[in-house]
Amino acid sequence: MPLTRLFLKLYALLRLFLGKNAQTAWLFHPACTGHEPGANHPDSPDRILCIEQALRRAGIWQHLQTVEAEEISDTRLALVHSSKYLNRLESCQPQKGKIFRLDDDTAISTGSLSAARFAAGSAVQAVDMVMNRKAWHAFCAARPPGHHAGSGKAGGFCLLNNVAAGVMHAIAEYRLKRIAVIDFDVHYGDGTAEIFKDDPRILFFNLFETDLFPFPENNDMPDGGNMVHLPLPPGTGSRTFREAVRRQWLPRLAAFKPELVLLSAGFDAHRLDESGRLNLHEADFAWLTHKIIQTASGCPGKIVSVLEGGYTLEPLAQSTAEHIRVLAGLGKSDTATAYQKTLYPTKKRFAKPKTGQMRQPTQSDRYDINAV
């Protein structure tokens, strides 16, 4: 039996063992739509709606358990952010209908802080669900995003660091010693890097486009032993991306043997997203999700994915649907399978040579044995 089929069979048996309630969870709270940073701001409330609609059209929604997210507690927030910073956020809340700008990109409306608290709370709640076998993986439809928020600052549309809140809760509540954080947003996750620098309990994988906000090549980018940076130049396409992940990420992830994996799931590396210049396809997010699940097989069902970027609605919806389809154990879509075949053409069988003849391999006979 091919390894991929064997893996999927074992994956299905493990899900069956966890019981009928162990479906992949979709966590969301309506308060997250109350973050309104401005009519023309990229982080539109429509982002969540378009993802849900794509999941329904693709027949994925019916395979998810939908959970209303809970608000994060002050105790859990204090594990990530300084009291000075949290007090500043409270003091900056504007009157109804007004907007307060923390910087050129990051704005607060009347409902923003509540939205951020429920977004961070969804990550905490998702960790509880996968750790207690109430969900087989989880996806948090979080707004505003979080990976640019540092321990004492906002930035890049982010107010609270949602993934960091989930990680610190996992450490405090479950005494975990090995947590992998994988950030595949097109922008460098500077807030997450600052919070987890030199923390031996965390291995932080960070993919990002060079020469793009927050311009890490010009900043003091944390580069401790627990950081695996993967900078990609503008125009990077699917094959280069996949090869880089295979060589630089997957061996480190396998060796780390995480007890839990949290994903900063940004989909703005898609070729049609207006905020970046990478050249990825929605099928690449399905492939990456599958590889993470496969490589982190020591913690089955314990992957929490938290929405970060992705601001052009159609590619955001398509990419997130491909990602969640794999998280839910539904395999890759026909679109993802077809795209993979264009990247790695199937090896052609040699025609049986006539007696006394040797057939020489041609260029079309080349293929990538690591494509699956």
Could you figure out which of (1) within 23 Å of residue 186 (Cβ to Cβ); (2) within 17 Å of the chain's Cα centre (by Cα) isn't true of residue 328? (1)
Which condition number in (1) open to solvent by 10 Å² or more (accessible area, probe 1.4 Å); (2) over 29 Å from residue 176 (Cα atoms) is the one that residue 330 fails? (2)
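From the list 75, 110, which residue is surrounded by 15 or more Cβ atoms within 10 Å (Cβ to Cβ) and out of contact with any helix residue (DSSP H, G or I) (no Cβ under 7 Å at 6 or more places or on another chain)?
It is 110.
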Checking residue 211 against (1) part of a helix (DSSP H, G or I); (2) in contact with a Pro (Cβ under 8 Å, 6 or more places away or on another chain); (3) surrounded by fewer than 24 Cβ atoms within 10 Å (Cβ to Cβ), which single condition isn't satisfied? (1)
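Residues of the range 293-311 being open to solvent by less than 10 Å² (accessible area, probe 1.4 Å) and outside any loop (DSSP other than H, G, I, E, B), which ones?
Within the range 293-311, 303, 304, 305, 306, 307 qualify.
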Top-ranked residue in the range 333-372 [being open to solvent by less than 40 Å² (accessible area, probe 1.4 Å) and in a helix (DSSP H, G or I); ranked as modelled with the lowest pLDDT]: 365
So, in the range 22-37, how many residues would count as being in a loop (DSSP other than H, G, I, E, B) and either open to solvent by 30 Å² or more (accessible area, probe 1.4 Å) or within 18 Å of residue 71 (Cα to Cα) (or both)? 4
Which number in (1) out of contact with any Cys (no Cβ under 8 Å at 6 or more places or on another chain); (2) under 24 Å from residue 32 (Cβ atoms) marks the one condition that residue 278 misses? (2)
Meets criteria (touching a helix residue (DSSP H, G or I) at 6+ places or on another chain (Cβ under 9 Å), modelled with pLDDT of 95 or more, open to solvent by 70 Å² or more (accessible area, probe 1.4 Å) and in a helix (DSSP H, G or I)) for residue 314: yes
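Taking only the range 38-51 into account, find how many residues are in a loop (DSSP other than H, G, I, E, B) and open to solvent by less than 80 Å² (accessible area, probe 1.4 Å).
Here the count works out to 6.
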Of all residues in the range 98-107, which are assigned to a loop (DSSP other than H, G, I, E, B) and either touching a helix residue (DSSP H, G or I) at 6+ places or on another chain (Cβ under 8 Å) or open to solvent by 80 Å² or more (accessible area, probe 1.4 Å) (or both)? 98, 104
Which pairs have Cβ atoms under 6 Å, sit 6 or more apart or on different chains, and link a residue in the range 181-192 that is part of a helix (DSSP H, G or I) to one that is among the polar types (S, T, N, Q) and open to solvent by less than 10 Å² (accessible area, probe 1.4 Å)? 191/161
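Among the candidates 117, 76, 143, single out the residue that is modelled with pLDDT of 95 or more and over 30 Å from residue 329 (Cβ atoms).
On the way: 76 fails: over 30 Å from residue 329 (Cβ atoms); 143 fails: over 30 Å from residue 329 (Cβ atoms).
Only one candidate passes the filter, namely 117.
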Considering the range 79-97, residues that are of a type outside the set (S, T, N, Q) and in a loop (DSSP other than H, G, I, E, B), and then whichever is modelled with the lowest pLDDT, we arrive at 97
Scan the range 115-143 residue by residue and report those that are open to solvent by 10 Å² or more (accessible area, probe 1.4 Å) and in contact (Cβ under 8 Å) with a residue 40 or more places away in the chain. 117, 118, 124, 125, 128, 129, 131, 133, 134
Count - residues of the range 157-172 that are part of a loop (DSSP other than H, G, I, E, B) and open to solvent by 10 Å² or more (accessible area, probe 1.4 Å): 1
Output the number of the condition that residue 204 fails; it satisfies all remaining conditions of (1) farther than 14 Å from residue 81 by Cα; (2) in contact with a helix residue (DSSP H, G or I) (Cβ under 6 Å, 6 or more places away or on another chain); (3) part of a loop (DSSP other than H, G, I, E, B); (4) open to solvent by less than 10 Å² (accessible area, probe 1.4 Å). (3)
Would you point out which residue out of 290, 281 is free of Cβ contacts under 8 Å to residues at least 60 places away in the same chain, surrounded by 24 or more Cβ atoms within 10 Å (Cβ to Cβ) and farther than 22 Å from residue 192 by Cα? 281
Only unsatisfied item for residue 320, checking (1) polar (S, T, N, Q); (2) touching a strand residue (DSSP E or B) at 6+ places or on another chain (Cβ under 6 Å); (3) under 14 Å from residue 140 (Cβ atoms), is (2)
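The values are calculated or read from the model by the stated rules, or taken from the named source; none is laboratory data. Just so it is clear, the model here is predicted, and its values are computed rather than measured. Positions of Cβ are backbone-derived with ideal geometry, glycine not excepted, and every protein chain shown enters the neighbour counts. SASA here: full protein model, heavy atoms, side chains in, ligands and nucleic acids out. Shrake-Rupley method; radii C 1.70, N 1.55, O 1.52, S 1.80 Å.
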